[in-house]
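What follows is one structure encoded as structure tokens, with my remarks underneath.
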Amino acid sequence: MEEGKRTIAYLCPECRHSVVMERTVFQLAASAAELPCPCGKSAVRVEIMGDRCQVTVPCLYCGKEHTVVCSTQSFLHEKCLAFSCAASGLHCCYIGEEEAVFAATRRLEEALDKVDGENEERGAFLDEIIMHEVLSELKEIAQRGGISCTCGSKEWKLQVNYSSVDLFCAQCGSALRIPAATDSDLEDICCKYTLQIKKRD
Ligand SMILES: [Zn+2]
Ligand SMILES: [Zn+2]
Ligand SMILES: [Zn+2]
């Protein structure tokens with residue numbers, strides 16, 4: 001009988017790479033195994049104790065280690081076991097057949113890219129493109145001297161927010177808020193030739 005192999009994958013919290021390793025069933029059963037990331041800063045530990053198997057995984061999401069116990073039977077024979085981070089609910093480790101583990105790891109990487117992407121957007125603007133367009137419209141109106149305040153001032157300051165832009169009169173401090181979140185916000189500003197800040201009473 002051919003000697004079985006198991007593929008183990010996890011996300012290294014130190015270098016943030018996915019690590020995929022292969023070990024023979026014999027290697028895993030012989031002694032407690034430490035499966036390190038090539039960066040050397042983290043490792044998965046596998047210990048088979050009779051019919052129970054204990055896996056300790058360093059977790060990318062919560063920064064802690066998760067210890068999972070499963071049956072040795074499923075550890076050695078399941079097509080693809082998935083262990084989840086208790087804090088985030090996301091998968092942090094896969095054990096199983098090479099192909100299935102690789103496929104699961106790829107899906108996880110894609111999901112992670114998306115999460116990272118959403119985080120970036122959240123940090124900047126609600127809608128990057130709309131904000132960019134609204135600002136360039138504002139610039140055009142400003143260039144033809146179209147921004148003024150009812151107090152008579154033509155000097156103003158600009159503040160860019162998450163989903164809007166504020167124009168402040170440099171003299172009386174009154175403000176005009178221009179929403180910059182949706183297509184209709186953009187249409188509104190596009191059809192304006194001038195903008196007037198209304199002086200606070
Ligand atoms: Zn690493
Ligand atoms: Zn976790
Ligand atoms: Zn003013």
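The values are calculated or read from the model by the stated rules, or taken from the named source; none is laboratory data. In this text the structure is predicted, and so the values were computed from the model without any measurement. Note that we place each Cβ from the backbone using ideal geometry, even for glycine, and neighbour counts take in every protein chain shown.
Tabulated results
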item	result
The listed residue being away from ligand 3 (no atom under 16 Å from the Cβ), farther than 30 Å from Gly40 by Cβ and either modelled with pLDDT of 95 or more or surrounded by 15 or more Cβ atoms within 10 Å (Cβ to Cβ) (or both), out of Ser153, Ser84, Ser164, Ser148	Ser164
Scan of segment 36-57 for residues that are assigned to a strand (DSSP E or B), surrounded by fewer than 18 Cβ atoms within 10 Å (Cβ to Cβ) and either at pLDDT below 90 or under 34 Å from the mean Cα position of the chain (by Cα) (or both), ordered by number	Pro36, Arg45, Glu47, Met49, Gln54, Thr56
Any hit, segment 15-22, residues being part of a loop (DSSP other than H, G, I, E, B), without any contact (Cβ under 8 Å) to a residue 60 or more places away in the chain and surrounded by 13 or more Cβ atoms within 10 Å (Cβ to Cβ)	yes
Conditions (1) free of Cβ contacts under 8 Å to residues at least 40 places away in the same chain; (2) within 15 Å of Thr72 (Cα to Cα): number failed by Cys37	(2)
Qualifying positions in segment 168-183 - within 10 Å of ligand 3 (Cβ to nearest atom) and buried (at least 18 other Cβ atoms within 10 Å of the Cβ)	Cys169, Ser174
